[in-house]
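Below is one structure; the comments refer to it alone.
Derivation of every value follows stated rules applied to the coordinates shown; laboratory data play no part. The model shown is predicted, which means the values in this text are computed figures rather than measured ones. For neighbour counting, all protein chains shown are included, and Cβ atoms are generated from backbone atoms with ideal geometry for every residue, glycine included.
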Amino acid sequence: MLPDIEKLLELQIADKEIRQLKEEITALPKRVAAIEAKLAGTKAQLEKARAAAKADEANKKKFEAAIQDLQGKISKYRDQSLDVKTNDQYKALLHEIQFAEQEIRINEDRILEVMMNVEVREKDVKAAEAELKAETAEIEKEKAEARRVTAEDEKKLTEWNTKRDNLRQGISEDLLRHYERVMKFRGSGLAEVRDHKCMGCQVMLRPQTYNEVRNAQTVVVCDSCQRILYFDPTKEVGPEPVPEAAHHRKRQRPKSDAPQAWFYRPDYGEEGEVLIVYTNDGGHATRRIYEMHSGRQIGDILTREGNYRLAFPEDLTDSAVRLNGHWEEQEMDEWGAEMPTNALDALHSDLRAAQREHGKPHKEHVASAEHSAAG
Ligand SMILES: [Zn+2]
């Protein structure tokens, strides 16, 4: 992996931590504000309950005063009744007294009603007071917690910022600028390549791009999402996914003008089945031969003048099957005496796909049989 990309990966971790910490720091006051709003609501409710209790008290006094007033009137009428001259006058006073007594009963009923209300009001006030007390305690706890978490986050943030600044110093400016632009819009600036796919946007890479990422000689960005691509060999899962795809998709045709060409030969002298790879390089062609099943290299690397078709005409018999595959010269040098399993598996499955397409006609046979049965 390129050193710049290794640093960028660390930088991306730092950037993500910083973003998360900042989000947490801004979220905490919002949570406290929400509890404070609830607290204000409870306070308002308590005030309302208290005001209602006060109004009841005032009403009660008003009704009591009215009763006193009416009782005064009644005793006045009684005094007057002692002095009346006519029967009519007496009747009129009696009527006034009855009316006042009726009014007193109405006011007494009102007072009773208020008294019943007071019980309910008292309960409301007590409940609101209890709630307020609990919420006040809770908000103090929340505030203390928010202060504690914020202080912790701020400390972590400072540490990550220092780490981030240090990491940035070691990375080339152009690369850093590209990373930051993509990071800003997509939330990440790097993407792993797995199974020929950019894991950032899930788009398949062109074979050449894929090889460039695997070779890790230059910085490669994803054509579709612009993330900087990297390949982690420890995460590669099993052999290349060619065999599965080959069943469903048409096999990719090897390009005749490719600078590298792989062939399968079932009848290569004493060796029998072999895989041969030719690489054209500036007027020369090199040849490597591998044993078909073990991947063990046979003989030495041979270099001849001209491109491989002209340089090694004796190899390219009718039995040779052209295969898909490309590995950099340097990588093949690193293989040493044996081809790695994933490369061998990829070539084997491509050979099976090629044989299905050309050599073994049974597939077409089945298809036409089905066709005639259906017709
Ligand atoms: Zn992508």
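I'd like the FRET efficiency for Lys43 and Lys184, computed as 1/(1 + (r/R0)^6) with the beta carbon distance as r and R0 of 56 Å, rounded to 0.05.
Rounded to the nearest 0.05, the efficiency is 0.80.
Placing dummy labels 7 Å off each Cα toward the beta-carbon, the span from Arg309 to Lys123 is 9.9 nm. In terms of distances greater than 27 angstrom between alpha carbons, the cross-link table entries Lys38/Lys155; Lys38/Lys126; Lys30/Lys184 yield Lys38/Lys155.
What's the magnitude of the charge dipole for the range 40-178 around its Cα centre, counting Lys and Arg as +1 and Asp and Glu as -1 at the beta-carbon? Answer in Debye, nearest 20.
The dipole of the range 40-178 has a size of about 240 debye.
Taking +1 at the Cβ of each Lys and Arg and -1 at the Cβ of each Asp and Glu, which of Val219, Thr303, Met199 sits farthest along the dipole of the range 194-333 towards its positive end, judged by Cα position relative to the Cα centre? So the residue furthest toward the plus end is Met199.
Sorted fewest first by neighbouring Cβ atoms within 10 angstrom, Val220, Val125, Val120 come out as Val120, Val125, Val220. Taking the charge dipole of the chain about its Cα centre, with +1 at Lys and Arg Cβ atoms and -1 at Asp and Glu Cβ atoms, the residue from Met1, Ala92, Phe63 reaching farthest to the positive side is Ala92. Taken over the chain, the percentage of Cα pairs per 20 Å bin, counting from 0 up to the bin with the maximum distance, is 18, 26, 17, 13, 11, 9, 5, 1.
Of the GluC sites (Glu not before Pro) found in the range 259-334, the ones in coil according to DSSP and having at most 16 other Cβ atoms within 10 Å of their Cβ are Glu314, Glu328. Along the positive direction of the dipole of the chain (beta-carbon charges: Lys, Arg +1; Asp, Glu -1; about the Cα centre), which of Ala151, Ser319, Leu344 reaches farthest? Positive-most Cα among the choices belongs to Ala151.
Taking trypsin sites (Lys or Arg not before Pro) as candidate sites, keep only those in a DSSP loop with at most 13 other Cβ atoms within 10 Å, then name the longest stretch of the chain containing none of them.
In the chain, the maximal stretch lacking such sites is 86-248.
Stretched out straight at 0.36 nm per residue, the stretch from Gln20 to Leu302 would grow longer than its current Cα-Cα span by 95.8 nm. Using only Cα atoms and rounding to the nearest 10 degrees, what angle (0 to 90) does helix 173-186 make with the longest principal axis of the chain? Between helix and principal axis, roughly 50 degrees. Dipole check for the chain: with +1 at the C-beta of Lys and Arg, -1 at the C-beta of Asp and Glu, and the Cα centre as origin, the magnitude is about 1640 Debye.
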